[in-house]
Every structure is written in structure tokens, then in C-alpha cells.
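Heads up: the structure comes next, in C-alpha cells.
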Amino acid sequence: MRRGIGRPGRGIVGAVAATAVVAGTAGAVHHHQEQKWANQAAEQQSEQQAQQQVYDQQAQMDQMQQQMAQMQAQQAAAAAAAPAATVAAAAAPAAAAPAPDLMAQLNQLTQLHQAGALTDEEYAAAKAKLLA
């Protein structure tokens, strides 16, 4: 009977072949595991990027809403001040203050009307008064 490494009758070549098969299998398993880890890392990175985009978009929306609120507050303040200024200007005698250019007054009236500070009737009356 022969004595060798491994099972009887296989010899050194058989033992080397078995070792090569085991090493090849281990290498393939290791390579597969590395690919799996790489794919998981890529998925996590994609997910983090998507979450960052959602966060950035939400921050932009919040900023836009704040800007809109500020603009609305400014418009409301202008609208509240405009009728009072229009009433005061109408009540003041024309000779007391030098009259600005007619075109500038018409432009101001138009802006007030477009901003909603003057109704159609108020705009028409003020315009007729300027042109009279």
C-alpha cells in the first residue's frame, strides 16, 4: 500500500489538483463577496445622493416660500400706504405743493392700479382729475 497525502491512491498530483480546486473556489467566492460589497456601497451612495437632493429641494422650497411671504408683506404694506397717500394728495390743495410731471403721476396711478391698491373706479376718477 502507498502512503501519500490525502486519500489512498491519489498521490501528490491529486493532492495538488485538489488544493488548486479549493484555492480556485475560495478565490471565486472572495471575488463574488467583494462584488457584493461594492454593489451595496454603490446602492448606499445612490440612496444618500437621492436623500440629499430631496433635502436640497425642500430647502429651496422653504426659501422660496419665505421670499414669497416677504413680498406679500411688502405688497400689503404698500397697498395699505398707497390709498392713504392718494387720499392725502387729493385732499391737499394743488397750489400747496409743486405738481410732479403729468406722465410720472399717470405712471404712479397705473402702478397703484396694477398692484391692486386702487379699484377701477378710483383709478378712473384719479386719472380724469389729472387730465382735467
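The values are calculated or read from the model by the stated rules, or taken from the named source; none is laboratory data. Quick caveat: nothing in here was measured; it's all calculated off a predicted structure. Quick reminder, even Gly has a Cβ in these numbers, built from the backbone with ideal geometry, and neighbours come from all protein chains shown. Please note that ligands, DNA and RNA were not included when accessible areas were found on the heavy atoms of the full protein model with its side chains. Shrake-Rupley method; radii C 1.70, N 1.55, O 1.52, S 1.80 Å.
Things to note:
- Candidates 23, 41, 77 - the one that is more than 26 Å from residue 128 (Cα to Cα), modelled with pLDDT of 80 or more and small (Gly, Ala, Ser): 41
- Taking each residue of the stretch 57-84 that is closer than 19 Å to residue 118 by Cβ and open to solvent by 100 Å² or more (accessible area, probe 1.4 Å) and looking for partners that are at pLDDT 80 or above and part of a helix (DSSP H, G or I) with beta-carbon atoms closer than 7 Å, six or more apart or interchain, yields 75/115.
Yes/no matrix, rows are residues, columns are (1) assigned to a loop (DSSP other than H, G, I, E, B); (2) farther than 16 Å from residue 78 by Cβ; (3) open to solvent by less than 60 Å² (accessible area, probe 1.4 Å); (4) modelled with pLDDT under 85:
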position	(1), (2), (3), (4)
89	no, no, no, yes
96	yes, yes, no, yes
100	yes, yes, no, yes
107	no, no, no, no
110	no, no, yes, no
114	no, no, no, no
121	no, yes, no, no
127	no, yes, no, no
